[in-house]
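Right, one structure below, let's go through it.
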Amino acid sequence: MSPIVRFLARRLLYSVVVLFGVLVVVFALVHLVPGDPVRLALGTRYSPDSYNALRSASGLDRPIVVQFFSYIGSALRGDLGVSFRNGDPVTVTLLERLPATMSLSAVGIVIALFISVPAGIWAALREGRLSDAIVRIASQFGVSIPDFWMGILLIGLFASTLGWLPTSGYQPLVGNPAGWLRHVILPGFTVGIVAGAIMTRYIRSAVLDVASMEYVRTARSKGLPPPVVTFRHILRNALIPVLTITGIQLATILGGVIVVEVVFAWPGVGRLTYTAVEARDYPLIQGAVLLIAALFLLINLIVDVLYAVVDPRIRLS
Amino acid sequence: MRLRVALIAAGVITALALTACSTGQRVDLGGATRGNLIAAIAGEPDQLDPQKTSAYFSFEVLENVYDTLVEPDENLGMRPALAESWEVSPDQLTWTFHLRNGVTFHDGSAFTADDVVYSYRRIIDQQLPNAYRFSAVTDITAPDPATVKITVKQPTPNLLVNIGGFKGMAIVQRKNVESGAIATHPVGTGPFAFQSAKSGDSITLTANKSYWGGPPPVSGVTFRFIPEASTALSALQAGEIDWTDSIPTQRVDELKGDDSITLGVTPSNDYWYLTLNEARKPYDDVRVRRAIAYGVDRAAIVQATSYGTATANQLAIPQGSRWYSDYHGYTRDIDKAKGLLNQAGVEGLTLDMMATSEYPETVTAAQIIADNLSPLGINVKIRTVDFATWLDDANKGDFDMLMMGWLGNIDPDDFYYAQQHTGGKSNAQHYSNPTVDALLDAGRTETNFEARKQDYAKAATIIADDASYIYLYNPSVIQAWSKRVSGYQPRRDKAVRFRTAGLGR
């Protein structure tokens with residue numbers, strides 16, 4: 001077995017263990033949180049008979065241990081159960097929501113990279129000068145502005161006033177690519193600007209760290225042209241922290257930028273999870289958290305593989 | 001490699017530039033939705049089974065999909081719907097409904113008396129949330145396909161409201177229920193048929209061309225879920241949507257001056273109240289409750305919670321309802337309140353007030369109430385919880401005071417019985433007054449309108465005097481729609497009916 005296959009196999013096994021742990025913890029947590037899903041579903045007017053009828057129909061009258069094992073049992077077979085509210089299979093609902101979340105995350109992270117990579121490198125190379133100060137102040141603004149406020153401002157300018165883009169909503173990429181793009185731009189920028197501001201600060205300091213290394217001084221003193229020093233010696237070595245922060249930001253966005261989803265009426269997993277928690281829709285909460293955990297693990301795995309690709313030292317060790 | 005990156009970048013930038021040039025007008029939501037009225041509601045229906053859901057978002061959609069035997073008109077009197085006419089036997093114990101001819105479900109199958117019996121039996125036999133509305137009913141039969149007989153154990157003047165007051169009592173189709181599709185693909189007899197749903201995004205209905213009330217003027221209705229009110233308003237102003245009730249109250253004044261849209265501020269039948277837990281001392285003492293009622297500043301609460309769009313009221317039933325009766329027992333009077341507390345021997349009280357983030361008005365009002373009551377030496381500790389916890393605690397009686405509202409009432413029995421009758425199932429405050437019980441029981445069977453109205457007016461006065469509920473205000477239904485929309489009427493029961501709405505250019 002080649003080292004890379006062994007590495008992947010080990011990571012996959014580890015991921016499965018983590019996912020199982022997540023499943024157990026989430027199940028325990030949702031059942032510990034106060035709030036009765038049956039009462040919520042019935043609203044404020046009902047008789048005790050109605051309450052008991054719905055409770056037993058939802059299987060909530062069984063002992064918690066029985067519920068736990070029956071849930072784990074079917075989850076291991078890939079069946080995450082059905083929503084308490086409408087009886088829809090949880091997996092179907094999650095898969096329906098996933099494309100919107102993926103779209104927003106992908107566009108958001110691309111925009112963030114487009115902002116943060118040039119800005120971070122530029123600021124680092126001109127450390128202490130006016131341009132560095134401008135980038136640092138701008139990124140401080142980006143980090144500090146609440147994303148819902150940014151979203152409302154963007155809607156006000158580009159949708160209400162200028163009428164260039166729709167205010168809200170989502171179109172699937174497959175079938176309506178133009179509609180998809182028009183709808184994803186504003187929420188994408190809202191997510192991307194915030195993530196980009198955070199990433200700019202990381203990239204700047206990563207580049208600065210590398211630039212102060214002795215081999216960079218050597219490269220400069222042996223007379224290499226500045227672009228060669230920058231691209232070959234500094235940037236390549238700064239890639240690892242950049243990958244790390246990109247992975248973290250991407251996972252954060254995938255895990256649910258609930259506020260942005262609310263402002264733009266974006267049908268993502270974040271809002272789904274939020275409403276599921278409000279309704280105490282246990283199977284849906286469990287499924288959504290499991291999905292988010294799986295995405296986190298997947299991104300971690302990809303980032304780890306990329307480490308090995310960009311840095312031979314990791315590959316060989 | 002580097003060239004490819006540059007190409008992708010160039011592509012993205014071009015695409016961005018291209019989209020920026022095209023104007024952001026109406027969104028084509030795919031499918032045959034051109035010509036549809038697009039309505040934005042603030043949240044997603046939890047399910048589409050009208051007999052099982054309790055969510056307002058569901059009823060906003062289902063109002064247009066389902067019919068009831070009778071239905072409320074604009075003044076909330078009951079008028080024919082699936083039943084064309086009805087009569088009551090002289091002993092008031094048998095109601096006979098004559099059904100409309102030639103009505104079909106959206107899948108083309110005929111609507112008959114069996115569907116009515118099936119729908120009502122389902123609510124009763126499965127103890128669905130509205131089963132209590134049939135508490136007086138002993139039997140439901142279909143002597144022939146066009147007739148339904150309902151037998152009751154006592155004269156029931158509010159039977160029509162109970163079976164037709166809202167779409168929770170809708171006539172459903174047996175096949176649709178038994179296949180389990182009703183929760184996601186409902187089939188009704190209403191003006192619009194369910195067409196499609198996109199999770200978290202929208203539900204699209206298509207016009208029922210053979211609707212018994214005449215085909216709707218629009219080709220269909222698309223309900224989009226836009227939770228953020230300022231986004232919904234921007235979408236309305238940009239012409240992306242035609243109607244919304246997701247409106248920030250603080251912007252109502254500004255919108256009144258906006259010529260591009262129509263704003264509807266309609267008094268509703270909902271009401272908000274405070275109640276004190278009479279199972280706990282000292283709130284079992286009527287003097288303490290009355291002191292708090294004298295301490296509360298309704299005008300300030302109305303201003304803070306609704307920017308003045310609501311109407312202060314010291315009883316539940318709003319002005320404009322035919323059941324309205326006048327009552328002005330309380331005006332804010334700190335000295336009187338202090339005197340009452342003195343008589344009760346209460347000093348330096350700490351009061352646990354429960355509010356819920358689900359209804360932001362309770363959180364806002366709690367702060368005002370805390371301020372109102374501090375001159376009385378009452379220290380209000382506000383506890384803000386989510387609605388699930390709120391329901392749990394209200395049910396367990398774990399509160400000193402709470403603020404809540406009742407929505408969608410029509411008949412006075414809805415307003416008072418469950419909340420005020422001894423042992424009533426919504427009597428979380430444990431109020432008990434034999435005189436009130438007797439009046440509420442009498443109201444249930446009194447068939448003379450004036451006599452019945454008097455019963456409820458008397459009961460309501462005692463309830464307010466006893467400060468079982470400290471009634472605060474009736475909110476307004478706030479909706480806005482585009483100038484293109486014609487023939488739409490906002491309703492005081494908050495039912496959203498698009499069957500008569502048309503779309504101009």
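The values are calculated or read from the model by the stated rules, or taken from the named source; none is laboratory data. Predicted model, so just to flag it, every value in this text is computed and none were measured. Cβ placement follows ideal geometry from the backbone for every residue including glycine, while neighbour counts extend to all protein chains displayed.
Within the range A:278-288, can one find any residue that is surrounded by fewer than 19 Cβ atoms within 10 Å (Cβ to Cβ), closer than 22 Å to residue B:357 by Cβ and within 12 Å of chain B (Cβ to nearest Cβ)?
Yes; the residues of the range A:278-288 include at least one that is surrounded by fewer than 19 Cβ atoms within 10 Å (Cβ to Cβ), closer than 22 Å to residue B:357 by Cβ and within 12 Å of chain B (Cβ to nearest Cβ).
Residue by residue through the range B:93-127, note down the ones that are part of a helix (DSSP H, G or I) and in contact with a strand residue (DSSP E or B) (Cβ under 6 Å, 6 or more places away or on another chain).
B:113, B:114, B:116, B:117, B:120
Being in contact with a Leu (Cβ under 9 Å, 6 or more places away or on another chain) and without any contact (Cβ under 8 Å) to a residue 12 or more places away in the chain is true for just one of B:127, B:154. Which residue is that?
So the residue among B:127, B:154 that is in contact with a Leu (Cβ under 9 Å, 6 or more places away or on another chain) and without any contact (Cβ under 8 Å) to a residue 12 or more places away in the chain is B:127.
Hey, can you tell me all the residues within the range B:354-389 that are over 24 Å from residue B:288 (Cα atoms), in a helix (DSSP H, G or I) and among the hydroxyl-bearing types (Ser, Thr, Tyr)?
Correct list: B:389 only.
Condition first: of a type outside the set (Phe, Trp, Tyr), within 14 Å of chain B (Cβ to nearest Cβ), closer than 19 Å to residue B:46 by Cα and outside any helix (DSSP H, G or I). Can you find one or more residues in the range A:31-42 that meet it?
Taking every residue of the range A:31-42 in turn, at least one turns out to be of a type outside the set (Phe, Trp, Tyr), within 14 Å of chain B (Cβ to nearest Cβ), closer than 19 Å to residue B:46 by Cα and outside any helix (DSSP H, G or I).
Can you tell me which residue is surrounded by the most Cβ atoms within 10 Å (Cβ to Cβ) among those in the range B:196-210 that are more than 14 Å from chain A (Cβ to nearest Cβ) and among the hydrophobic types (A, V, I, L, M, F, W, C)?
B:205
Quick check on the range A:237-255. Is at least one of its residues β-branched (Val, Ile, Thr), free of Cβ contacts under 8 Å to residues at least 60 places away in the same chain and within 13 Å of chain B (Cβ to nearest Cβ)? Break it down into steps so the answer makes sense when it comes.
Kept after step one, since they are β-branched (Val, Ile, Thr), are these residues of the range A:237-255: A:240, A:242, A:244-246, A:248, A:252-253.
Among the residues that remain, those that are also free of Cβ contacts under 8 Å to residues at least 60 places away in the same chain are: A:244-245, A:248, A:252.
Filter once more, keeping what is within 13 Å of chain B (Cβ to nearest Cβ): none.
No, every residue in the range A:237-255 fails to be β-branched (Val, Ile, Thr), free of Cβ contacts under 8 Å to residues at least 60 places away in the same chain and within 13 Å of chain B (Cβ to nearest Cβ).
Going by the conditions given, is residue B:30 surrounded by fewer than 19 Cβ atoms within 10 Å (Cβ to Cβ), within 8 Å of chain A (Cβ to nearest Cβ) and modelled with pLDDT of 90 or more?
Values: surrounded by fewer than 19 Cβ atoms within 10 Å (Cβ to Cβ): yes; within 8 Å of chain A (Cβ to nearest Cβ): yes; modelled with pLDDT of 90 or more: no.
Criteria not met by residue B:30.
Every residue, every condition in (1) exposed (fewer than 15 other Cβ atoms within 10 Å of the Cβ); (2) facing chain B (nearest Cβ under 8 Å); (3) within 28 Å of the chain's Cα centre (by Cα); (4) free of Cβ contacts under 8 Å to residues at least 24 places away in the same chain, yes or no:
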residue	(1), (2), (3), (4)
A:51	no, no, no, yes
A:55	no, no, no, yes
A:71	no, no, yes, no
A:83	no, no, yes, no
A:92	yes, no, yes, yes
A:98	no, no, yes, no
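Give me the strands (runs of 3 or more DSSP E) completely within the range B:208-302, filtered to those with at least 2 residues that are β-branched (Val, Ile, Thr) and over 30 Å from residue B:319 (Cβ atoms), ordered by residue number.
Those strands (runs of 3 or more DSSP E) span B:220-225.
If you check B:122, B:174, which single one turns out to be under 29 Å from residue B:494 (Cα atoms), within 14 Å of chain A (Cβ to nearest Cβ) and of a type in the set (D, E, K, R)?
B:122
Name the single residue that is surrounded by the most Cβ atoms within 10 Å (Cβ to Cβ) among those in the range B:400-415 being away from chain A (no Cβ under 13 Å) and farther than 14 Å from residue B:132 by Cβ.
Just the residues of the range B:400-415 that are away from chain A (no Cβ under 13 Å), to begin with: B:400-401, B:403, B:410-412.
Next, only the ones that are farther than 14 Å from residue B:132 by Cβ stay: B:400-401, B:403, B:410, B:412.
Working: B:400: 19, B:401: 25, B:403: 24, B:410: 23, B:412: 28.
Among those that are away from chain A (no Cβ under 13 Å) and farther than 14 Å from residue B:132 by Cβ, it is B:412.
Examine the range B:185-195 for a residue that is surrounded by fewer than 22 Cβ atoms within 10 Å (Cβ to Cβ), within 14 Å of chain A (Cβ to nearest Cβ) and more than 20 Å from residue B:69 (Cα to Cα), and state whether such a residue exists.
Yes, because at least one residue in the range B:185-195 is surrounded by fewer than 22 Cβ atoms within 10 Å (Cβ to Cβ), within 14 Å of chain A (Cβ to nearest Cβ) and more than 20 Å from residue B:69 (Cα to Cα).
Show the residue pairs meeting these rules: Cβ distance below 7 Å; 6+ apart or different chains; first residue within the range B:246-262 and closer than 22 Å to residue B:504 by Cβ; second residue assigned to a loop (DSSP other than H, G, I, E, B).
That search, which allows pairs on different chains as well, returns B:260/B:483; B:261/B:483; B:262/B:483.
Being in contact with a Pro (Cβ under 9 Å, 6 or more places away or on another chain), surrounded by fewer than 16 Cβ atoms within 10 Å (Cβ to Cβ) and among the β-branched types (Val, Ile, Thr) is true for just one of B:435, B:422. Which residue is that?
Unique residue meeting the criteria: B:422.
What are the residues in the range B:115-126 that are loosely packed, with under 14 Cβ neighbours inside 10 Å and either at pLDDT below 95 or among the hydroxyl-bearing types (Ser, Thr, Tyr) (or both), if any? Steps first, answer last, please.
Taking the range B:115-126 and keeping what is loosely packed, with under 14 Cβ neighbours inside 10 Å, we get B:121, B:125.
Correct list: B:125 only.
Of the numbered conditions (1) in contact with a strand residue (DSSP E or B) (Cβ under 7 Å, 6 or more places away or on another chain); (2) closer than 30 Å to residue A:37 by Cα, residue B:311 satisfies every one except a single condition; which is it?
(2)
Restricting attention to the range B:170-182, which residues are surrounded by fewer than 22 Cβ atoms within 10 Å (Cβ to Cβ) and of a type in the set (A, V, I, L, M)?
Correct list: B:177, B:181.
Quick check on this structure: which one of B:398, B:371, B:386 is among the acidic types (Asp, Glu), free of Cβ contacts under 8 Å to residues at least 60 places away in the same chain and under 20 Å from residue B:467 (Cβ atoms)?
Working: B:398 fails: under 20 Å from residue B:467 (Cβ atoms); B:386 fails: under 20 Å from residue B:467 (Cβ atoms).
Only one candidate passes the filter, namely B:371.
Failed condition for residue B:141, given (1) surrounded by 17 or more Cβ atoms within 10 Å (Cβ to Cβ); (2) in a strand (DSSP E or B), with all others met?
(1)
Give the residue, chosen from A:138, A:119, A:123, A:133, that is farther than 18 Å from residue A:268 by Cα, away from chain B (no Cβ under 14 Å), in contact with an Asp or Glu (Cβ under 6 Å, 6 or more places away or on another chain) and part of a helix (DSSP H, G or I).
Answer to the check: A:123.
Each row is one residue, and each column tells you yes or no for (1) touching a residue at least 12 places away in the same chain (Cβ under 8 Å); (2) touching a Ser or Thr at 6+ places or on another chain (Cβ under 7 Å); (3) crowded, with 22+ Cβ neighbours inside 10 Å; (4) at the interface with another protein chain (Cβ under 10 Å from one of its Cβ atoms).
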position	(1), (2), (3), (4)
A:177	no, no, no, yes
A:183	yes, no, yes, yes
A:196	yes, yes, yes, no
A:213	yes, no, no, no
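Give just the number: which of (1) assigned to a helix (DSSP H, G or I); (2) in contact (Cβ under 8 Å) with a residue 40 or more places away in the chain; (3) buried (at least 19 other Cβ atoms within 10 Å of the Cβ) does residue A:273 not satisfy?
Unmet for residue A:273, out of (1) assigned to a helix (DSSP H, G or I); (2) in contact (Cβ under 8 Å) with a residue 40 or more places away in the chain; (3) buried (at least 19 other Cβ atoms within 10 Å of the Cβ): (2).
Within the bounds of the range B:326-345, is there any residue that is surrounded by 20 or more Cβ atoms within 10 Å (Cβ to Cβ) and assigned to a loop (DSSP other than H, G, I, E, B)?
Yes, the range B:326-345 has at least one match.
Taking the range B:458-477 as the region of interest, how many residues are buried (at least 24 other Cβ atoms within 10 Å of the Cβ), in a strand (DSSP E or B) and within 17 Å of the chain's Cα centre (by Cα)?
2
Specify the residue that is surrounded by the most Cβ atoms within 10 Å (Cβ to Cβ); the eligible residues are those in the range B:390-399 that are within 14 Å of another protein chain (Cβ to nearest Cβ) and either part of a strand (DSSP E or B) or not hydrophobic (A, V, I, L, M, F, W, C) (or both).
The residue in question is B:393.
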